[in-house]
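Here is the structure we will look at, set down as structure tokens.
The values are calculated or read from the model by the stated rules, or taken from the named source; none is laboratory data. Because the structure is predicted, anything quoted here is derived from the model rather than measured. Quick reminder, even Gly has a Cβ in these numbers, built from the backbone with ideal geometry, and neighbours come from all protein chains shown.
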Amino acid sequence: MGQTVELGDLIEPDRVIISLRLTDKGQLIRELSHRASKALGIADTFILSALCTREALGSTGIGQGIAIPHARIEGLKRIFGLFVRLERPIDFAAIDGEPADLVFLLLIPANSGSEHLAALACVSRRLRDLEVAQALRRTKTARELYVQLVGHDYTRDKHFTLDNLQ
């Protein structure tokens, strides 16, 4: 039986970034590594290396303006998520050739089993929902973006309110 993962279990409200302005994929990967490093206390060079190694295997741009860069990280205790809506789409070498503007970083404990596949599937399923993607592109604030990302039911179940979000 497969493991169920909720998107709200992968990301906290303060890990949603709205309207980030970057010019290319390399700059984005460096920025994601830097932000994850600050949140996790893991060297950004270590995270950057892991992400670049994974990206060298094939682009994590899944199409429809979506990218899910991800990597296994030694010493990480639990899955870490960070979501960015770019101000302008950038080339991410996606399968459909479309530039990406919705980017979900997933860092996964090196020793995780099928949990990482469940997390990737959860993120992919949510972001590829056309209504969700459109809402993510329309929202005006980071807190609205978080609610759209994780879904209203999750925020209600976890006792989040818009007042609790930044």
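Of the conditions (1) modelled with pLDDT under 95; (2) in a strand (DSSP E or B), R88 fails just one. Which one is it? Against the list (1) modelled with pLDDT under 95; (2) in a strand (DSSP E or B), R88 comes up short only on (1). Could you tell me whether region 78-88 includes any residue that is farther than 23 Å from R143 by Cβ and either hydrophobic (A, V, I, L, M, F, W, C) or touching a residue at least 40 places away in the same chain (Cβ under 8 Å) (or both)? Within region 78-88, none of the residues are farther than 23 Å from R143 by Cβ and either hydrophobic (A, V, I, L, M, F, W, C) or touching a residue at least 40 places away in the same chain (Cβ under 8 Å) (or both). Across region 96-116, the number of residues qualifying as touching a residue at least 60 places away in the same chain (Cβ under 8 Å), aliphatic (A, V, I, L, M) and surrounded by fewer than 20 Cβ atoms within 10 Å (Cβ to Cβ) comes to 0. Note on region 1-35: among residues that are in a loop (DSSP other than H, G, I, E, B) and β-branched (V, I, T), the one that is nearest to A100 (Cα to Cα) is T23. Looking only at region 57-95, count every residue that is surrounded by 14 or more Cβ atoms within 10 Å (Cβ to Cβ), among the small types (G, A, S) and farther than 19 Å from T45 by Cα and tell me the total. The number of residues fulfilling the criteria is 7.
Reported count of residues in region 36-79, each being of a type outside the set (A, V, I, L, M) and not in a loop (DSSP other than H, G, I, E, B), is 14. Is it fair to say A119 is touching a Lys or Arg at 6+ places or on another chain (Cβ under 7 Å), outside any loop (DSSP other than H, G, I, E, B), surrounded by 20 or more Cβ atoms within 10 Å (Cβ to Cβ) and in contact (Cβ under 8 Å) with a residue 12 or more places away in the chain? When the stated conditions are applied, A119 does not pass them. Only residues that are modelled with pLDDT of 85 or more, out of contact with any strand residue (DSSP E or B) (no Cβ under 9 Å at 6 or more places or on another chain), closer than 29 Å to I42 by Cβ and of a type in the set (S, T, N, Q) were counted in region 107-166, giving 1. Among the residues examined, I11 qualifies as surrounded by 13 or more Cβ atoms within 10 Å (Cβ to Cβ) and under 10 Å from L82 (Cβ atoms).
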